[in-house]
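Q: The structure is given below, and queries will be raised subsequently.
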Amino acid sequence: MSLDMKYFEEMEAKIPKGKVRTRFAPSPTGYMHVGNLRTALYTWLIARNAGGTFILRIEDTDQGRLVEGATDVIYKTLAECKLDHDEGPDVGGPVAPYIQSERRDTYGKYARLLVERGHAYYCFCEKAEGEEEGAFQKAADPCRELSPAQAQARVDAGEPYVIRQKIPREGTTTFHDAIFGDITVENKTLDDQVLIKRDGMPTYNFANVIDDHLMGITHVVRGSEYLSSAPKYNLLYQGFGWEIPTYVHCSPVMRDGQNKMSKRHGDPSYEDLKDQGFLTEAILNYVALLGWSPRGDIAEREVFSLEELARAFDLEGMSKSPAIFDLDKLTHFNALYLRSMSPEDFARAAEPYIRQTVRNGELPVEKIAELLQARCEKLTEIPEKVDFFDALPEYSAELFTNKKSKCTPEVAKEMLSAAVVVLGAVHTWSQENIHETLTGLAEGMQVKNATLMWPVRIAAAGKAVTPGGAVEICWILGKDETLRRLRLGLEKLN
RNA sequence: GGCCCGGUGGUCAAGCGGUUAAGACUCCGCCCUUUCACGGCGGCAACACGGGUUCGAGUCCCGUCCGGGUCACCA
């Protein structure tokens, strides 16, 4: 069997050169891990920071793990996060196809090229079963010593085989990582990993090297779990005589000191976080800082838009150690983003949540939203905060007691009786008028504002904690409903 | 177990041989105030340990301990 050298030349000729090119290469699992999302973000940032190209590649070489509709989740998430790709399965590009299962032939050809060059060999051994405990020593593979002719004969005879990388027995291999620096390992600690599986599909490790090279990837960004296989990648690149890309290994996002974030442990994916009421921008901002931090004169800065991140991002700022995901801090970022929205945008975003419990179409949603903006950290906490507008909750007369406001049930009774009278006389139900009326009443009765406002608010809302004060709540409720509720409060006190 | 990597407050982190060891989240206190928030001010809290090198070490070297990764025909 002879190799078609022209094929390799053509493939080589297609590789774009001269610009930074990065790729996000997820395998379609059906959801986006937080760690995955962060890797995608960093990969995108490296490309955008350098004015380079960001590529999406789907790694679906594991036939047994294909999940229906899983690639859609990837497209949807990237689009939502505004991590736009310049090349990919959906938009095409100069080095298509961008789905590994469609590149199957390519891997086989390159594997044979590597065999030809003496850096790989056919292996006909039975699939290794789970080794015994403590048996860490690898047995030497007899197939490694087969002559090319012997191997070819068995292949031709239809014997099933895999292709393995031929790792040198002696010496050391050193590779460089942009974050971790130079790492040297002894070759004898490396195993002859499988390159082409029995089913003809490449392993992740092999497909990655081939694709990264053929797609002209300059910065290989991936999780640090691949750090220990990096020497083998280097040997592969060297075996082909290819230039080695810049490795960027990112430390994992942890759920606690011991475990990585994982769906299995019930840790939230990007989709889950969205469902919990987190904003995409806040998630991205938080996640960016979980493993990267700005330096120099912006070292103290935490709030970054995507564009600002792209400008500020640098490999130097990346952390070597794992980072624990902290929901409290994410929540803080979410609150920050919620507050920085324009009142109009916030009202638009909040309205569906307000409507969940406020169904009365008469009530001014914009005003309710205005009260909510500084008072919620997540949109999802809105419904229970505003439920009292529609229906006055059952509440205990004990709520009228408040030490700081100098209010007791007796005082409340007095305040409410007076308030019903003066509020009943208000002609134009505006916030200003309500405010003046009530503060005027407090002054006339020789009590501090709080002593009057407390019972009014309690009677109007029926709960101890409300968004907004007495004046605002009364105004939103309208005159009739306010008076009705205040009278109800009075009854409760009798 | 071998190999590789890491270790600054509870968490994210700055620090690059000389600092009172930043900042943020959380928590606590105070101010503001019409509840709660927002905002403002203040506070608690850290260089894993032991040896070196150096006039001087969180910063450099070695060891110990702890944690993680990897040792798949999964990615």
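The values are calculated or read from the model by the stated rules, or taken from the named source; none is laboratory data. Predicted, not measured: the structure shown is a model, and the values here were computed from it. Virtual Cβ from ideal backbone geometry, glycine too; neighbours counted across all protein chains shown.
Q: Say whether the condition of being away from RNA strand B (no atom under 13 Å from the Cβ), buried (at least 22 other Cβ atoms within 10 Å of the Cβ) and not in a helix (DSSP H, G or I) is met by at least one residue in the range A:56-76.
A: Yes, the range A:56-76 contains a residue that is away from RNA strand B (no atom under 13 Å from the Cβ), buried (at least 22 other Cβ atoms within 10 Å of the Cβ) and not in a helix (DSSP H, G or I).
Q: For residues that are more than 16 Å from RNA strand B (Cβ to nearest atom) and outside any loop (DSSP other than H, G, I, E, B), tally how many sit in the range A:238-257.
A: Total satisfying the criteria: 4.
Q: Return yes or no: is A:G181 in contact with a Cys (Cβ under 9 Å, 6 or more places away or on another chain) and surrounded by fewer than 18 Cβ atoms within 10 Å (Cβ to Cβ)? Give the steps one after another, and end with the answer.
A: Values: in contact with a Cys (Cβ under 9 Å, 6 or more places away or on another chain): no; surrounded by fewer than 18 Cβ atoms within 10 Å (Cβ to Cβ): yes.
No: the conditions fail for A:G181.
Q: Given (1) under 19 Å from A:H332 (Cα atoms); (2) assigned to a helix (DSSP H, G or I), where does A:G277 come up short, assuming only one miss?
A: Checking A:G277 against (1) under 19 Å from A:H332 (Cα atoms); (2) assigned to a helix (DSSP H, G or I), the one that fails is (2).
Q: Please find, within the range A:274-298, the residue that is surrounded by the most Cβ atoms within 10 Å (Cβ to Cβ) out of those that are aromatic (F, W, Y) and within 11 Å of RNA strand B (Cβ to nearest atom).
A: A:Y286
Q: Is there any pair with a first residue in the range A:181-207 that is under 20 Å from A:R144 (Cα atoms) and a second that is of a type in the set (K, R) and within 6 Å of RNA strand B (Cβ to nearest atom) whose Cβ atoms are under 7 Å apart and which are 6 or more apart or on different chains, and what are they?
A: Taking only residues 6 or more apart or on different chains, the pairs are A:T203/A:K197.
Residue-wise test of (1) at negative phi; (2) more than 10 Å from RNA strand B (Cβ to nearest atom); (3) modelled with pLDDT under 95.
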site	(1), (2), (3)
A:K127	yes, no, yes
A:E131	yes, no, yes
A:G134	no, no, yes
A:K138	yes, no, yes
A:R144	yes, yes, yes
A:E159	yes, yes, no
A:K166	yes, yes, no
A:E170	yes, yes, yes
A:A178	yes, yes, no
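Q: Return yes or no: is A:Y31 touching a residue at least 40 places away in the same chain (Cβ under 8 Å), more than 16 Å from RNA strand B (Cβ to nearest atom) and either farther than 21 Å from A:G291 by Cα or touching a His at 6+ places or on another chain (Cβ under 8 Å) (or both)?
A: no
Q: Would you check which residues across the range A:231-274 are of a type in the set (D, E, K, R) and over 27 Å from A:V185 (Cα atoms) and list them?
A: Our first condition is that a residue be of a type in the set (D, E, K, R); within the range A:231-274, this holds for A:232, A:243, A:255-256, A:260, A:263-264, A:267, A:271-272, A:274.
Listed by number, the residues that qualify are A:R255, A:D256, A:K263, A:R264, A:D267, A:E271, A:D272, A:K274.
Q: With the condition kept exactly as written, say whether any residue in the range A:311-321 is surrounded by fewer than 21 Cβ atoms within 10 Å (Cβ to Cβ), in a loop (DSSP other than H, G, I, E, B), within 14 Å of RNA strand B (Cβ to nearest atom) and of a type in the set (D, E).
A: Among the residues of the range A:311-321, at least one is surrounded by fewer than 21 Cβ atoms within 10 Å (Cβ to Cβ), in a loop (DSSP other than H, G, I, E, B), within 14 Å of RNA strand B (Cβ to nearest atom) and of a type in the set (D, E), which makes the answer yes.
Q: Oh, and also: Restricting to the range A:180-198, count the residues that are within 22 Å of A:P142 (Cα to Cα) and either near RNA strand B (Cβ under 6 Å from one of its atoms) or within 34 Å of the chain's Cα centre (by Cα) (or both).
A: Total meeting the criteria: 9.
Q: Specify which of the listed residues (A:D191, A:D211) is part of a loop (DSSP other than H, G, I, E, B) and either out of contact with any strand residue (DSSP E or B) (no Cβ under 8 Å at 6 or more places or on another chain) or buried (at least 21 other Cβ atoms within 10 Å of the Cβ) (or both).
A: That would be A:D191, the only listed residue that is part of a loop (DSSP other than H, G, I, E, B) and either out of contact with any strand residue (DSSP E or B) (no Cβ under 8 Å at 6 or more places or on another chain) or buried (at least 21 other Cβ atoms within 10 Å of the Cβ) (or both).
Q: Kindly indicate whether A:V303 is outside any strand (DSSP E or B), in contact (Cβ under 8 Å) with a residue 60 or more places away in the chain and within 25 Å of A:H33 (Cβ to Cβ). Spell out the reasoning first.
A: On the way: outside any strand (DSSP E or B): yes; in contact (Cβ under 8 Å) with a residue 60 or more places away in the chain: no; within 25 Å of A:H33 (Cβ to Cβ): yes.
Taking the combined requirement at face value, the residue does not satisfy it.
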